[in-house]
Amino acid sequence: MKKRLREHLTLLFVALALLIAITFNAVAHTGEQVFFVYIIDVVVIVVCGIRLFKWLRKEVTEPMDDLRESIKAVANGNFDRILDRDSNDEIGEVSQEFENLRIKIRDNVETRNKLDRENRELIGNISHDLKTPITAIKGYAEGILDGVVTTPEQQKKYITTIYNKADDMARLIDELTYYTKIDTNKIPYKFEKVSPVEFFYDCVEDVGLDLETKGIIFTHEQHASPNDIVIADVEQLAKVVNNIVNNAVKYMDKIPGRIRISLLDEGDFVKFEIEDNGKGMEASELPRIFDRFYRTDASRNSGTGGSGIGLSISKKIIEDHGGKIWASSKVGKGSKFTFILRKYQEAELSDE
Ligand code: ADP
């Protein structure tokens, strides 16, 4: 408006000044021509008035109406009305600022809606995951109370099941507590120089026995150098491996189930691979499995239990280590989870 209003007002003032000058001149010199001069005055004033009126309507009133409509739309919760005005004047500037504000509000509202949706989904999942063991615990406890259990063996079986179910619940609660901590960066990492080969064998020992007791054929392969070093927090890294292996067990649908862990040398990186021959996932689901609370349709409907946060925790841990994690899978054939960590280079750090 600045520039164009100034132009229009200048034009109007020049026209009026000219009129006044002509009128005075006419009155001073030739009194009888005054009538025609008045007519010219009126014509010029009317033309200038119409022009100014049109300009005001086009440049001020219409954009203000448009802006008002957009404000109303935002006030009513419609954040999709685009205010398309890029004129180089104050109204254009205000419109642009309002447009930026609208986009910001829209993005915030979308993020909040997404979080609300995720929270609702999480509460649904937690309720489901807690309800299943609680129902079992109640059932077995009632069995004992009602005297259904007569022999010491039966009693032991019932109590062991109650214990295992309570353990499942405790694990879920631990997972949720851990998740809130890691999500708000409250996990203090204890980074240190770690031998990936040693870490690999510790994991193999750790998960191997457990998998064997579950009747899963477990194999492992090691191709990295014993001299390799990575900077890592072993406790957190072990959580990643455990989570992937637990998933491999949870989503296993073959007999015999097979799980293989490998450590590979990839130049500047070491690569961990955990493969299973379980039910696998659709390619379209792979990009989302590391999102928090995401569970594939198949697992959501299968009643396997799970909060959908294990892999998002794993991703966060690996990324906090400066590494990368991804998955490949084939429905019915199995899945492979891979993560890489950069090797520690003594020279690199001493350069810094
Ligand atoms: P959850 O607690 O549901 O297991 P995760 O974050 O650990 O949550 O995994 C997200 C989803 O990825 C799972 O719900 C499951 O659908 C899928 N998934 C993860 N690992 C596997 C696997 N080894 N085989 C098949 N599906 C898997």
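The values are calculated or read from the model by the stated rules, or taken from the named source; none is laboratory data. Since this is a predicted model, take the numbers as computed values, not measurements. Here the Cβ positions follow ideal geometry from the backbone for every residue, glycine too, while neighbour counts run over all protein chains shown. Surface areas here come from the heavy atoms of the whole protein model, side chains and all, with no ligands, DNA or RNA. Shrake-Rupley method; radii C 1.70, N 1.55, O 1.52, S 1.80 Å.
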- Message: Yes or no: the range 229-251 includes at least one residue that is touching a Ser or Thr at 6+ places or on another chain (Cβ under 9 Å), surrounded by fewer than 19 Cβ atoms within 10 Å (Cβ to Cβ) and farther than 28 Å from Lys330 by Cβ.
- Response: yes
- For residues in the range 314-344 being closer than 23 Å to Ile216 by Cβ and of a type in the set (Val, Ile, Thr), which is nearest to the ligand (Cβ to nearest atom)? Val331
- Message: Given the condition open to solvent by less than 20 Å² (accessible area, probe 1.4 Å), in a helix (DSSP H, G or I) and away from the ligand (no atom under 16 Å from the Cβ), answer yes or no: does some residue in the range 206-222 qualify?
- Response: yes
- Pull up the range 307-334, narrow it to residues that are aliphatic (A, V, I, L, M) and surrounded by 15 or more Cβ atoms within 10 Å (Cβ to Cβ), then point me to the one that is modelled with the lowest pLDDT. Ile309
